[in-house]
Amino acid sequence: MLKDTLLKATQAGGQVLQHYFNGAFQISSKSTINDLVTEADKGAETAIFKVIQDTYPDHFILSEESGELVTTSNTKWIIDPLDGTVNFAHGIPICCVSIGVEVDGEMVLGAVYNPFLNEFYFAEKGKGATRNDKPIHVSAKTDLGSACMATGFPYQWEGGENDPVDIFAYFVKRGQAVRRLGSAAIDLCWVADGRFDGYYEHTLNAWDAAAGFLIVEEAGGKVTDFKGNRYSPYQRTLIATNGNIHQQLVDVVNGKF
């Protein structure tokens, strides 16, 4: 029942995104000029909430647009109704719905749906990961120097360790293949699917990665924080790889050039 509700909720959110895509909709800014929210974000969230709450009215929900809907339930839904809002607002089809389900503090289900590329990623703890119901696996790359990677940049950077521009410049100067898609959830799914060999980002929220990190792990990959410690969606930094290049990427992200 939990899995079925997740799949229905994710699909419901995707249908809303399809309705608004390349159409007329209102856009506003949140924390910065590029931290956007649209009618599609809010509409998708409403559709997702309805599916979940019709079946599980007592479940805890954490969502990007509405924040926490706190209950005493041991099941939490972690929702990004539109990951890649800037892309969506510009008609770029690299955006998705992302929903993770946590039970007793452990992520047990994750779904990421890009309706524009018709790619539905899903993982269940201990049962592997799929794209459109077909099993997926991380790549076999062993050399960071020839790896294809993804990253993202924070809306604001106030300084500190692991400067994102310095790390990116290091890779660029080496001729490294590094992509910035603008959707953390899709970046993670594409690591799981072997398209990217690794991905790192400095400032993520729980809804950005809750589903995607489980999908990577269930596809055979590795996900940690920047120090190489066990990953939690409630902390900000993330490194996800096929596992083979993980320590190499951890070293670079920590300035060991």
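Quick rundown of the values:
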{"item": "Heavy-atom accessible surface of the chain: percent carbon and sulfur, 1.4 Å", "result": "48 percent"}
{"item": "Relative contact order (percent, whole number), the chain, Cα cutoff 8 Å, 6+ residue spacing", "result": "16 percent"}
{"item": "Choice from K222, K127, K42 showing the highest fluctuation, given a GNM over the chain with Cα pairs closer than 10 Å", "result": "K127"}
{"item": "Estimated vicinal HN-Hα couplings, Hz - segment 191-198 in sequence order (Karplus 6.51, -1.76, 1.60; Gly, Pro = x)", "result": "5, 4, 8, x, 6, 9, 8, x"}
{"item": "Charge context of A12, other residues only, Cβ under 12 angstrom, K/R +1, D/E -1", "result": "0"}
{"item": "Translational D in µm²/s for segment 98-139 (Stokes-Einstein at 37 °C, 0.692 mPa s, Kirkwood Rh from C-alpha pairs)", "result": "300 µm²/s"}
{"item": "Residue with peak Gaussian network fluctuation, the chain [Cα springs, cutoff 10 Å], from V172, V216, V51", "result": "V172"}
{"item": "Percentage, to the nearest whole number, of Cα pairs in segment 69-154 over 18 Å apart", "result": "60 percent"}
{"item": "Alpha-carbon gyration tensor eigenvalues x 5, square-rooted, for segment 87-224, Å", "result": "24, 17, 16"}
{"item": "Distant-in-sequence amide H partners of V108 (H built 1.01 Å from N, under 5 Å)", "result": "V101, E102, V103"}
{"item": "Most to least packed among 178-187, 225-234 [average Cβ atoms within 10 Å]", "result": "178-187, 225-234"}
{"item": "Fluctuation leader among E124, E45, E68 - the chain, Gaussian network, Cα springs under 10 angstrom", "result": "E68"}
{"item": "Per-residue [θ]222 nm for the chain (sum of -39500 (n - 2.57) over DSSP H runs n ≥ 4, rounded to 500)", "result": "-9500 deg cm²/dmol"}
{"item": "Cα Rg, Dmax, segment 189-257, angstrom units", "result": "10.8, 31"}
{"item": "Viscosity 1.306 mPa s, 10 °C: Kirkwood-radius Stokes-Einstein D of the chain over Cα pairs, µm²/s", "result": "87 µm²/s"}
{"item": "Mean separation of Cα contacts under 8 Å, 6 or more apart, over the residue count of segment 196-251: relative contact order %", "result": "43 percent"}
{"item": "Calculated from backbone phi, Karplus (6.51, -1.76, 1.60) coupling profile of segment 199-204 in Hz, x at Gly/Pro", "result": "8, 9, 8, 8, 9, 9"}
{"item": "Over 29 Å between alpha carbons, listed pairs K3/K42; K42/K141; K134/K256; K134/K173; K42/K134", "result": "K42/K141; K134/K256; K134/K173; K42/K134"}
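The values are calculated or read from the model by the stated rules, or taken from the named source; none is laboratory data. The shown structure was predicted, so the numbers you read here are calculated from the model rather than taken from an experiment. Note that each Cβ is placed from the backbone with ideal geometry, even for glycine, and that neighbours are counted across all protein chains shown. We work out accessible area using only protein heavy atoms, side chains counted, and drop any ligands, DNA or RNA first. Shrake-Rupley method; radii C 1.70, N 1.55, O 1.52, S 1.80 Å.
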